[in-house]
1. Please note which strands (runs of 3 or more DSSP E) are completely contained in the stretch 150-207 and include at least 2 residues that are among the aliphatic types (A, V, I, L, M) and crowded, with 19+ Cβ neighbours inside 10 Å.
2. Any residue that is assigned to a helix (DSSP H, G or I) and either free of Cβ contacts under 8 Å to residues at least 24 places away in the same chain or in contact with a Leu (Cβ under 6 Å, 6 or more places away or on another chain) (or both) - is there at least one of those in the stretch 65-77?
3. Could you tell me how many of the residues in the stretch 278-294 are under 21 Å from GLY202 (Cβ atoms) and over 19 Å from the mean Cα position of the chain (by Cα)?
4. So which residues in the stretch 119-133 are at pLDDT below 95 and either assigned to a loop (DSSP other than H, G, I, E, B) or more than 23 Å from ASP219 (Cα to Cα) (or both), if there are any at all?
5. Kindly establish whether VAL242 is closer than 15 Å to PRO177 by Cα, in a loop (DSSP other than H, G, I, E, B) and at pLDDT 95 or above.
6. For the stretch 282-329, give me each residue that is within 17 Å of ARG171 (Cα to Cα), buried (at least 16 other Cβ atoms within 10 Å of the Cβ) and aliphatic (A, V, I, L, M).
7. Test of understanding: among ALA73, ALA44, which residue is among the small types (Gly, Ala, Ser), touching a strand residue (DSSP E or B) at 6+ places or on another chain (Cβ under 8 Å), surrounded by fewer than 15 Cβ atoms within 10 Å (Cβ to Cβ) and not assigned by TED's automatic domain parsing to the domain that holds GLY257?
8. Suppose we filter the stretch 208-218 for residues that are outside any loop (DSSP other than H, G, I, E, B) and closer than 24 Å to LEU109 by Cβ; how many remain?
Amino acid sequence: MKVLFIGGTGIISTACAARAIVKGIDLTLLNRGKSARPTAEGAAIIHADIHDIASMRSALAGKDFDAVVDWIAYTPHDVQKDIDLFSGKTGQFVFISSASAYQTPASNLPIRESTPLENPFWDYSRNKIACEELLVAEYRKNKFPFTIVRPSHTYDRTSLPIEGGYTVIDRMLKGKPVIVHGDGTSIWTLTHNTDFAKGFVGLLGNSRARGEIFHITSDEWLTWNQIHNLLGEAAGVTPQLVHIPSDLIAAYDQNIGSSLLGDKTHSAIFDNSKIKQVVPEFVCTVPFSLGAKEIIGWHNAEPSRQKIDPKFDQMCDLLLSNYQKAWLN
């Protein structure tokens, strides 16, 4: 089976590329060749810019693929270019959406693929919804063979799944207080990228996946307090957690605020029955207790990976100081 990944060097797509090759897929990666991440060994490489249609047509001339996956489509404009490029030229087009597109906050848990799409807080999510609507309309009109995949919070050893990244671990190690949004008890789902890949690769070329929508997540549910404590345990410290309302955090940092209010503030647990039915081999085997040790181990192995964000660190100190003053008054 011939598969094209547009992108293919991100946290999720790297693991999917590696698994695809192990599964015997003839994989081609199309990207600009500028990622710091290494490309999957055994994949063919095409250097082109997806945003340059002439470049894409030239790069893909004479090539055909059983499935095409666009890992870097974020707007309806991006998806329309994919439709124009691949209509009639592939048996399956896979769009990477986002679980943040689901109704936020969800009126019912667990979240299923049938849960309404509505996110009034985050432009990123609304754009993903618009992309999905475009693909569904194209399927109804012209039978464009889409599959939509909605990842939730997927991580690997290089990525700390908390706002602030390694700066938060540095604060833990220095005994400084660490901010956790809300009261830290909202429930979250973290999925290791190698677990996600098991479900995803099973959808490629799968006739039961065409015209269908799937999310792929772990079945392990954790509170944000547990997530921070597991990272602290892996780092060998007991973190000092301070709970601050998400609205207040958003007032200090708009970018973090969009991610919190549009996603992480609200509990998110998922019913994975659909992906398990279509891809029976999908099973998650990396709990976050192991994932946290992998993350800390990777950062400890090379000091240059322990990158501190001074702006985020200063924002935390300012917010904590002001919050403490307001609390005391």
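1. 178-181
2. Scanning the stretch 65-77, I find at least one residue that is assigned to a helix (DSSP H, G or I) and either free of Cβ contacts under 8 Å to residues at least 24 places away in the same chain or in contact with a Leu (Cβ under 6 Å, 6 or more places away or on another chain) (or both), so the answer is yes.
3. 4
4. Passing the criteria: ASN119, PRO120, PHE121, TRP122, ASP123, TYR124.
5. Considered against the rule, which asks whether it is closer than 15 Å to PRO177 by Cα, in a loop (DSSP other than H, G, I, E, B) and at pLDDT 95 or above, VAL242 comes out as no.
6. Within the stretch 282-329, ALA292, ILE295, ILE296, MET315, LEU319, LEU320 meet the criteria.
7. ALA44
8. Looking only at that region, the number is 5.
The values are calculated or read from the model by the stated rules, or taken from the named source; none is laboratory data. In this text the structure is predicted, and so the values were computed from the model without any measurement. Every residue, glycine among them, receives a Cβ derived from its backbone with ideal geometry; neighbour counts consider all protein chains shown.
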